[in-house]
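Quick notes on the structure that follows.
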Amino acid sequence: MYHVVICDDEKEILSDLHKKIQDCFDKTGIQAKYTCIDDARDLMARIEDERIDVLFLDIDMPYHSGMEIAGYMSRQERRTILVFVTSHDALVYQTFAYRPFGFIRKTHIEEELEELTLRIRRELLEGQQELIIQKGQELYRLLLGDLLYIEAEGNYLVLQLKNEKIRIRETMTNMENKLCGKGFIRCHKGYLVNTWHIEKLKGTEVMIRQGEESIAIPVGRSYEKDVRKMIYEMIRDEN
């Protein structure tokens, strides 16, 4: 699950941006949690501690301008898709030095957001790593973003993708080593989960979003501390 942050000091505009961005992302199948921030100081405080996949950033704000924040993020070498949002067209040209992914003019949100969302989706998918697996004599190339979780089944592993399952002969330990540092975590002796697709942590289970449904994956007692540490900032709070 991606983390989308929207920062604008005008609360009414912030709320409107949130609704329209979420609507567009939902239509294109981008699963995300959203954080809305109306104070640039709050955003600056979060940058070091939180992963931000997509940032919609107002250029003209008190305390810290959007360009100042973009410069700080660049120095931190953050891998964030940056979209500047502004009601002042002339400011757009001043932002080129920060190499933003795109721009949205507040007076043209509907027209510009739809195309931009498709570009963002392509960028997110292309930025994901791949996994090469062998099933019999065939080799498969899988986008890690399409892999929800892996379940042990005897001497085999079942790879649950968004729309299909693939069963291969492999050990969980070997697969865990292959996916080390790539957004997967061992949550149980019989499961590896993709943290991008975790919706929330509920008791001793992680909930994985698959289409319109949520799948409960058990969390083993010896794995719980590591699971909580890795996914805490990525999961939704329970209502």
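The values are calculated or read from the model by the stated rules, or taken from the named source; none is laboratory data. All figures in this text were calculated on a predicted structure; none of them were measured in a lab. Here the Cβ is made from the backbone with ideal geometry for all residues, glycine too, and neighbour counts use every protein chain on show.
A few remarks follow.
- Being of a type outside the set (A, V, I, L, M, F, W, C), in contact with an Asp or Glu (Cβ under 6 Å, 6 or more places away or on another chain) and more than 30 Å from E213 (Cβ to Cβ) is a description that applies to D58.
- When D49, D9 are checked against the criterion of being surrounded by 15 or more Cβ atoms within 10 Å (Cβ to Cβ) and of a type in the set (D, E), a single residue qualifies: D9.
- For region 120-149, the tally of residues that are within 23 Å of V83 (Cβ to Cβ) and either out of contact with any helix residue (DSSP H, G or I) (no Cβ under 7 Å at 6 or more places or on another chain) or among the basic types (K, R) (or both) stands at 7.
- Residue in region 11-28 that is within 17 Å of S65 (Cα to Cα), assigned by TED's automatic domain parsing to the domain that holds M73 and of a type in the set (A, V, I, L, M, F, W, C) present: yes
- Options E164, E153: the member that is among the charged types (D, E, K, R) and within 16 Å of Q210 (Cα to Cα): E164
- Residue among K182, K200 that alone is part of a loop (DSSP other than H, G, I, E, B), without any contact (Cβ under 8 Å) to a residue 60 or more places away in the chain and under 16 Å from the mean Cα position of the chain (by Cα): K182
- Matching residues, region 16-43, being touching a residue at least 60 places away in the same chain (Cβ under 8 Å) and touching a Leu at 6+ places or on another chain (Cβ under 8 Å): K20, I21, C24, T28, I30
- Members of region 138-179 that are assigned to a helix (DSSP H, G or I), of a type in the set (D, E) and modelled with pLDDT of 90 or more: E176
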